[in-house]
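Enquirer: One structure coming up, written as structure tokens, with questions to follow.
The values are calculated or read from the model by the stated rules, or taken from the named source; none is laboratory data. None of these values were measured; they are calculated from a predicted model. FYI the Cβ positions are ideal-geometry reconstructions off the backbone, even for glycines, and counts take in every protein chain you see.
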Amino acid sequence: MELSCRAIVYCCYFACLLLFISSPKATAEEDPSSVVSRFQQYLQINTAQPSPHYTQAADFILSQAQSLSLETQTLEFAQGKPLILLKWPGSNPDLPSILLNSHTDVVPVEQEKWSHHPFGAHLDRLGNIYARGSQDMKCVGMQYLEAIRKLKASGFKPLRSVYLSFVPDEEIGGHDGAEKFADSDVFKNLNVGIVVDEGLASPNENYRTFYAERCPWWLVIKATGQPGHGAKLYDNTAMENLLKSIESVRRFRASQFDLVKAGLKAEGEVVSVNMAFLKAGTPSPTGFVMNLQPSEAEAGFDVRVPPTADPESLERRITEEWAPASRNMTFQFKQKVSVHDNFGKPVLTATDSSNPWWALLEEAVRKAGGKLGRPEIFPASTDARYFRQQGLPAIGFSPMANTPILLHDHNEFLNQDEYLKGIDIYVSIIKAYASYVEHTREEGSRDEL
């Protein structure tokens, strides 16, 4: 009888052990090398513009979604440019959902200037993973997936539905990707309450967060004048008038840059102006005709305007100082993104108590052992602007601390430890967002009673 009881005890012990081993919590901690390996696989897919391998990237993302039992949908707003939409259904589909956005394309590379192959995802002895997209932004797309993998393994069930969008063409403006997606009926039916998109690496211990971004105004100024002999001195030539404008632009640029240098404003808070091209002269078989003053001259400028700036004042400056008609000058915008959303409000996301999503993110990052710096305006453009245009809150956030900013640079890399830590940060954020229950004013009053 004693032997039988002991046998029963052992059987129960081994049964419990098997249950523990097969339980979600027991499998939550995966070998980090496997996690890093999946990141490397994604990085090894060459999605550089102008000929990104979108189909290969889409197949990889769909395979990851299948391993996580996520719902999948492939959309094509432009032929040959798949947008992958994944869904982790929440238990209350009536609540506004969470959208985690990332882009699949990357910028081109000059391979000969890299220490390691830009699509080899080389892991060096320091743990740095070298690849185009390691910071911008394949890291974030994979961190979303790996965070969900961890949450599922822990047994977590979301209250709100969580969507992941992997969009094409962000690096060339996002017009066939996020822009069309944000304007689509598909997007409207998602009932999105908050969007999370890319941010920037931080050279210090504080993660960077972005609540807005500067709007691109791509300005071309054209000057005209009478042509003449190269030796002749006379007023109002096309080149003379254009050079006066360039000098006026340069002075304005310097005044804005001085504010940044003095620490009075962050880079994203000033209007930046950089000359992109200068076009003039009469071509010849050996270059240009040197003894002829041209009748036309053009200069192009990449102007970035924060939503906190006064756009009317800047337009007056362009009309009166940079391209005055009195000097036979005209201007046009190749692109001009409004600093206001579709409802006439500044294109920015609130960072105060009026926006619970911001407070949730701050607390989630803190709980995961991270630190946040002061909220910033993103100095360039991301796909987040298309969602903010719809009046939605959108937060730019890439969990990369103690990391040099190398997006679009040679030898772009991300350390594997920083990548793995970022997954835990997103575990905390997704859990907080997907569990959030809004309290109405009426409910708050009842609670007080």
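Enquirer: Quick one: in the range 248-288, which of the residues that are under 20 Å from G225 (Cα atoms) and free of Cβ contacts under 8 Å to residues at least 40 places away in the same chain is surrounded by the most Cβ atoms within 10 Å (Cβ to Cβ)?
Expert: G281
Enquirer: Let me ask something additional. When you go through A350, A325, A380 one by one, which is the residue that is closer than 21 Å to G193 by Cα and among the aliphatic types (A, V, I, L, M)?
Expert: A350 is the lone residue from the list that is closer than 21 Å to G193 by Cα and among the aliphatic types (A, V, I, L, M).
Enquirer: Tell me, which helices (runs of 4 or more DSSP H) wholly within the range 1-85 include 3 or more residues that are modelled with pLDDT of 85 or more? Full working, then the answer.
Expert: Numbers: elements: 2-22, 32-43, 54-67.
Filter on the range 1-85 gives 32-43, 54-67.
Enquirer: Regarding the range 85-107, can at least one residue be identified that is over 24 Å from L361 (Cα atoms) and among the basic types (K, R)?
Expert: No - not one qualifying residue is present in the range 85-107.
Enquirer: When you scan the range 76-91, do you find a residue that is surrounded by 22 or more Cβ atoms within 10 Å (Cβ to Cβ) and over 28 Å from R385 (Cβ atoms), even just one?
Expert: No: the range 76-91 contains no residue that is surrounded by 22 or more Cβ atoms within 10 Å (Cβ to Cβ) and over 28 Å from R385 (Cβ atoms).
Enquirer: Taking the condition farther than 30 Å from P294 by Cα and touching a helix residue (DSSP H, G or I) at 6+ places or on another chain (Cβ under 7 Å), does L190 pass?
Expert: Judged against the criteria, L190 is not a match.
The rows are residues; the columns are (1) without any contact (Cβ under 8 Å) to a residue 40 or more places away in the chain; (2) in a helix (DSSP H, G or I).
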site: R125; (1), (2): yes, no
site: I148; (1), (2): no, yes
site: F156; (1), (2): no, no
site: G174; (1), (2): no, no
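Enquirer: Then there's this: Looking at the range 261-284, which of its residues are of a type in the set (G, A, S) and assigned to a helix (DSSP H, G or I)?
Expert: Selection gives G268 alone.
Enquirer: Test T282 against the stated conditions and say whether it is polar (S, T, N, Q) and closer than 18 Å to R250 by Cα.
Expert: Judged against the criteria, T282 is not a match.
Enquirer: Can you name the condition, by its number, that A276 falls short on among (1) modelled with pLDDT under 95; (2) touching a Gly at 6+ places or on another chain (Cβ under 7 Å)?
Expert: Unmet condition: (1).
Enquirer: Would you mind stating whether I429 is of a type outside the set (F, W, Y), under 30 Å from V36 (Cα atoms), touching a residue at least 24 places away in the same chain (Cβ under 8 Å) and in contact with a helix residue (DSSP H, G or I) (Cβ under 7 Å, 6 or more places away or on another chain)?
Expert: The answer is yes for I429.
Enquirer: Of all residues in the range 220-234, count the ones that are modelled with pLDDT of 95 or more and among the aliphatic types (A, V, I, L, M).
Expert: 3
Enquirer: Further question on the same structure: A231 - would you say it is among the small types (G, A, S), surrounded by fewer than 22 Cβ atoms within 10 Å (Cβ to Cβ) and free of Cβ contacts under 8 Å to residues at least 40 places away in the same chain?
Expert: no
Enquirer: Return the pair list, or none, for Cβ contacts closer than 8 Å from residues in the range 79-95 that are in the same structural domain as G141 (by TED's automatic domain parsing) to residues that are among the acidic types (D, E) and surrounded by 15 or more Cβ atoms within 10 Å (Cβ to Cβ), at least 6 apart or on different chains.
Expert: Partner pairs satisfying both residue conditions: K81/D169; K81/D176.
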